[in-house]
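Novice: Right, I'll just put the structure down here and ask away after.
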Amino acid sequence: MAEYGRIIVLNGPSSAGKTTLSRNLQKIWERPLYYLSYDSVDWYMAPFGVTGYKRDYGIDAVRDFLAVMYESAAAICRSGRDVVIDNCLFDCENVYEMSQEIMKDCPVTMVRVKLPMDELERREIARGDRTPGKARWQETHITPKEDSAYDVIVDTSRDSMECAETIKKYFE
């Protein structure tokens, strides 16, 4: 059996720069680094993406989608490959606890992606593809809340490549 890879979870609100940070990590990582994101995985892979939530499968569609994403990350890790997850874990629906249970046998590094609220809101508006206020809500409800729960904390008001280097140095 191959040695396990690593899972890096980038946890921060919408528009904090997680996707750019993930891409920069992929550029500097010593090995192939697979990328999973709530935003980038095509919703059509899930049955509720095709049906537009109109059909009742008897499941919480978002929670189910996230479970599949974390199961995929754990499978990638168990195959000896590294993976970065770009997601915001928040304190409702126990998604954090679910993710931890799914990945419990994998080496997981939790990275808190922070950005001052004024810049977060500016980026959210500039994107134009987010519901105004989503980033503030996610920042308020992020979990875990305590900085001590994270292995690495990066402030994405700094250069994203510098933040990627900070994460990489954690493993050296």
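Just so you know, all these numbers are worked out from the coordinates, no wet-lab data involved. Keep in mind that what you see is a predicted model, and the values were worked out from it rather than measured. Glycine also receives a Cβ, built like all others from the backbone with ideal geometry; neighbour counts cover every protein chain displayed.
Novice: Please rank Met117, Met98, Met69, fewest neighbouring Cβ atoms within 10 Å first, as an exposure proxy.
Specialist: Lowest to highest Cβ neighbour count: Met117, Met98, Met69.
Novice: Could you pull out every whole DSSP H run in the chain that spans at least 18 Å of Cα extent along its own axis and averages 0.0 or higher on the Kyte-Doolittle scale?
Specialist: 61-78
Novice: Calculate, in whole percent, how much of the Cα-Cα pair population of the chain lies beyond 22 Å.
Specialist: 45
Novice: Next question. Which order do the peptides 102-114, 7-19, 160-172, 126-138 take when ranked by the mean count of other beta-carbon atoms within 10 Å per residue, highest first?
Specialist: 7-19, 102-114, 160-172, 126-138
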